[in-house]
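Enquirer: Below are the structure tokens for one structure; questions will follow.
The values are calculated or read from the model by the stated rules, or taken from the named source; none is laboratory data. Computed from a prediction, not measured in an experiment: that's the story for all the values here. Glycine gets a Cβ as well: all are built from the backbone with ideal geometry, and neighbour counts include every protein chain shown. The protein model used for the area step is the full one, side chains on, heavy atoms only, and it has no ligands, DNA or RNA in it. Shrake-Rupley method; radii C 1.70, N 1.55, O 1.52, S 1.80 Å.
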Amino acid sequence: MDTATPAVTAALHDGTGIVAESTRVDARRHGELLLPAVDRVLAEAGTDLGSVTGIVVGVGPGPYTGLRVGLVTAATFASALGVPVHGVCTLDGLAYAAGLDEPFTVATDARRKEVYWARYADSRTRVTEAAVDRPAEIAEQVAGVPAVGAGALLYPGTFPDARAPEHASAAALASLAAERLASGAGFLDPHPLYLRRPDAQVPRNYKVVTPQ
Amino acid sequence: MADEPLVLGIETSCDETGVGIVRGTTLLADAVASSVDTHARFGGVVPEIASRAHLEAMVPTIERALAEAGVSARDLDGIAVTAGPGLAGALLVGVSAAKAYAYALGKPLYGVNHLASHICVDQLEHGPLPEPTMALLVSGGHSSLLLAPDITADVRPLGATIDDAAGEAFDKIARVLDLGFPGGPVIDRLAREGDPEAIAFPRGLSGARDPAYDFSFSGLKTAVARWIEAKRAAGEEVPVRDVAASFQEAVVDVLTRKAVRACRDEGVDHLMVGGGVAANSRLRALAEERCERAGIRLRVPRPKLCTDNGAMVAALGAEMVARNRPASGWELSADSSLPVTDPHVPGAHDHDHVHEISKENLYS
Ligand SMILES: [Zn+2]
């Protein structure tokens, strides 16, 4: 599952292929929609959570509130079921869904006029760390290659060759993870990639109330 | 008793990640991870920092509570969680965890009200709540007088603060006095060495025509700050202990006076005092004194159960199970402004449907 983009997406992979998938795009209702999505996927596959042998979760980067819904759900499932939880960079899932065999960029919407982004050599190979930047500031680094994701589609000035997919897909994420499990490639810890420090200011002195 | 409901409760409405386990009205575990130290240098709770800390602490705190209680998750009869009110992002971490846990274990889920939980926790200390219960809830986030004929279904607000919560006033005065955050414990400690009658600070909303059960602490806060600023402007030393004692006295005087009056007016012979400020020693002492004089039985849980914790949520969840209240649906969401009149958030779908899904997902 992945909740790091406006998509609330869950999928079930049986080691051979995707058995069922549910994706709904609603950036403000991750908390409400994720569990019903999981339930729908399992019901459609005719199975239950108890038969799942591993959980894969997109660790972002992504807007924090939604991102945490997927991560805490995955961690809690894993604890209750006694199965492992594997973290995958959300941008890697999008890159895999893009299915491109050439260098490209993945960019998602980080709000505040910024994008979360990374460069890829092909759909399985990320060549830069995920970062958060203003599109204009990374124009040179992403020039001349196609780009996928809502962040690319939002800023055509920086990403003239922007394409679908727009948001994360759990089916792609699960397929990528199944490949990594089969090949013995590693996973990330299931911890959030925030990339930004929390907005918090140490207050200055209290406001004096005596009229001056 | 073994046939009483065994419930795990999760609380993340502010800066404490709390997981408690109860069997009926018996406390089995009360695990809390607090991010308060991280917030201290900001002089208040920073929502994003609290949410990040909840995510990190959630699963370890659940596992700690289960170990502490010595029970297996499989034996639970339900999972309860604070659905509101509170900080939206913080609540969402707990609600998501509770949903995942209940779903994975095939247990019913109960999204409950934070304020009703603060009242219900006293069942763990003093046994079943009398019906109705009169409750005075005071903390950094709320100051309310509530009448609860049935804590699972019928909670009526009689009065509330019209501006700052009582705990907020403690924090603000502590800041004016450079005492750090949170302000409650340090003011309580200093006030013990001060004279509560040294300075006559105003009692908000205490006039004959003022609302009988509402509170106001904003005017008091300003009056105290002005008094301190005047001393400083005159180059005099601020008598910190006397200020703390006199300020604290003004707060607890109004709180207890109005609570006792509400009991009298409504013919209720019990008063429950809860919330973080109920840990204040002067509030406890004055409530005791005034209740005794009025022939009212006072119920105040031990301080650790007054501050936010998971046991209080579990206590209310157990009551929901015991009274066959409908479980919440899997689409349960966090509601930062959940009204106190909703002790819990039943599912949009009918009860049977929820359980049917749950059973299908029992893992053996
Ligand atoms: Zn509280």
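Enquirer: All other residues with a Cβ under 15 Å from the Cβ of B:Asp30 taken together, and with Lys, Arg as +1 and Asp, Glu as -1, what is their net charge? Write out the running numbers ahead of the final one.
Expert: Details: positive: B:Arg23, B:Arg64, B:Arg302, B:Lys304; negative: B:Glu11, B:Glu16, B:Glu63, B:Glu68, B:Asp122, B:Glu125, B:Asp308.
That sum, taken over residues with Cβ under 15 Å, equals -3.
Enquirer: For the ranges A:60-71, B:123-134, B:251-262, what's the packing order if you count other beta-carbon atoms within 10 Å of each residue, average per peptide, and put the highest first?
Expert: Details: A:60-71: 26.0, B:123-134: 18.5, B:251-262: 21.5.
Most protected by this proxy first, the peptides run A:60-71, B:251-262, B:123-134.
Enquirer: Using only atoms on other chains, find how many Cβ atoms lie within 10 Å of each Cβ of peptide A:59-66 and report the average. Don't skip to the answer; put the middle values down first.
Expert: Details: counts 0, 0, 0, 0, 0, 5, 9, 2.
What the average comes to for A:59-66 is 2.
Enquirer: Please report the buried accessible area for the interface of B with A, total over both chains, probe 1.4 Å, in Å² to the nearest 100.
Expert: Working: alone 15080 and 11180 Å², together 22950 Å².
Separately minus together, B and A give about 3300 Å² buried.
Enquirer: Once you sort the root eigenvalues of the Cα gyration tensor of chain B as a ≥ b ≥ c, which label holds: rounded (a/c under 1.5), prolate (a/b larger than b/c) or oblate (the other case)? If you can, show how the numbers build up before the last one.
Expert: Working: a/c = 2.26, a/b = 1.66, b/c = 1.36.
Prolate is the answer for chain B, as a/c is 1.5 or above and a/b outweighs b/c.
Enquirer: Same structure again: If we count every other residue with Cβ under 12 angstrom of B:Thr82's Cβ, Lys/Arg +1 and Asp/Glu -1, where does the sum land? Walk me through the numbers before you get to the answer.
Expert: Numbers: positive: none; negative: B:Glu11, B:Glu16, B:Asp308, B:Asp335.
Counting the neighbours of B:Thr82, the net charge comes to -4.
Enquirer: Hey, another quick one. Could you let me know the centre-to-centre spacing of the range B:186-208 and the range A:85-140, using Cα atoms, in angstrom?
Expert: The range B:186-208 and the range A:85-140 have Cα centres spaced 58 Å from each other.
Enquirer: Antiparallel as a % of all DSSP beta bridges within the protein assembly as shown, to the nearest 5? Don't skip to the answer; put the middle values down first.
Expert: Working: 46 of 71 bridges.
Percentage antiparallel, nearest 5: 65.
Enquirer: Still on this model: With the cut-off at 1.5 for a/c, could you classify the range A:55-152 from its C-alpha gyration tensor as rounded, prolate or oblate?
Expert: Cα axes put the range A:55-152 in the oblate bin.
Enquirer: Taking a ≥ b ≥ c as the square roots of the eigenvalues of the Cα gyration tensor of the range B:46-106, is the shape rounded (a/c under 1.5), prolate (a/b larger than b/c) or oblate? Please report the intermediate quantities before stating the final value.
Expert: Values: a/c = 2.55, a/b = 1.67, b/c = 1.53.
Verdict is prolate for the range B:46-106.
Enquirer: B:Ala245: net charge of surrounding residues, Cβ under 9 Å, Lys/Arg +1, Asp/Glu -1, itself excluded? Spell out each step's value before the answer.
Expert: Details: positive: B:Arg192, B:Arg241, B:Arg282; negative: B:Glu193, B:Asp195, B:Glu197, B:Asp242, B:Glu249.
Residues near B:Ala245 contribute -2 overall.
Enquirer: Shifting gears a bit: Probe radius 1.4 Å, ligands and nucleic acids ignored: give me the carbon and sulfur share of the accessible area of chain A as a rounded percent.
Expert: On the way: 4640 of 9530 Å².
Carbon and sulfur: 49 percent of the exposed surface of chain A.
Enquirer: Moving on. Would you mind giving the mean number of other chain beta-carbons within 10 Å of the Cβ of each residue in A:30-40, as a whole number?
Expert: Values: counts 3, 12, 10, 3, 5, 12, 6, 1, 6, 6, 1.
For this peptide, the per-residue mean of nearby foreign Cβ atoms is 6.
Enquirer: Now, a different point. How far is the Cα center of the range B:250-265 from the Cα center of the range B:157-175, in Å?
Expert: 15 Å
Enquirer: Related question: Rolling a 1.4 angstrom probe over the protein heavy atoms, how many square angstrom per residue are accessible across the range A:90-146? Walk me through the intermediate numbers first.
Expert: On the way: 2670 Å² over 57 residues.
Per residue, the range A:90-146 has an accessible area of 47 Å².
Enquirer: I'd like to compare B:7-14, B:39-46: which one has the highest average count of other Cβ atoms within 10 Å, and what's the full order after that?
Expert: B:7-14, B:39-46
Enquirer: Which order do the peptides B:160-167, B:174-181, B:207-214 take when ranked by the mean count of other beta-carbon atoms within 10 Å per residue, highest first? Can you show the working numbers first?
Expert: Numbers: B:160-167: 20.9, B:174-181: 18.8, B:207-214: 12.1.
So the order, starting with the most tightly packed, is B:160-167, B:174-181, B:207-214.
Enquirer: On each of the three principal axes of the Cα atoms of the protein assembly as shown, give max minus min coordinate, whole Å, ordered largest first.
Expert: Cα extents, longest axis first: 80, 63, 38 Å.
Enquirer: Can I ask one more? Partner chain Cβ atoms within 10 Å, averaged over the residues of B:329-336 - can you pull that number for me? Before the final figure, lay out each step's value.
Expert: Working: counts 3, 9, 8, 3, 5, 4, 0, 0.
If you average over the peptide's residues, the count of other-chain Cβ atoms is 4.
Enquirer: Let me ask something additional. Using alpha-carbon pairs under 8 Å, 6+ residues apart, how would you state the relative contact order of chain A in percent? Intermediate values should be presented prior to the final figure.
Expert: Values: 457 pairs, mean separation 49.7, N = 212.
23 percent.
Enquirer: Go through the range A:77-161 and name the GluC sites (Glu not before Pro) that are in a DSSP coil and have 16 or fewer other Cβ atoms within 10 Å of their Cβ.
Expert: Numbers: sites: A:Glu114, A:Glu129, A:Glu137, A:Glu140; in loops: A:Glu114, A:Glu129.
When the GluC sites (Glu not before Pro) of the range A:77-161 are filtered for loop state and at most 16 Cβ neighbours within 10 Å, A:Glu129 remain.
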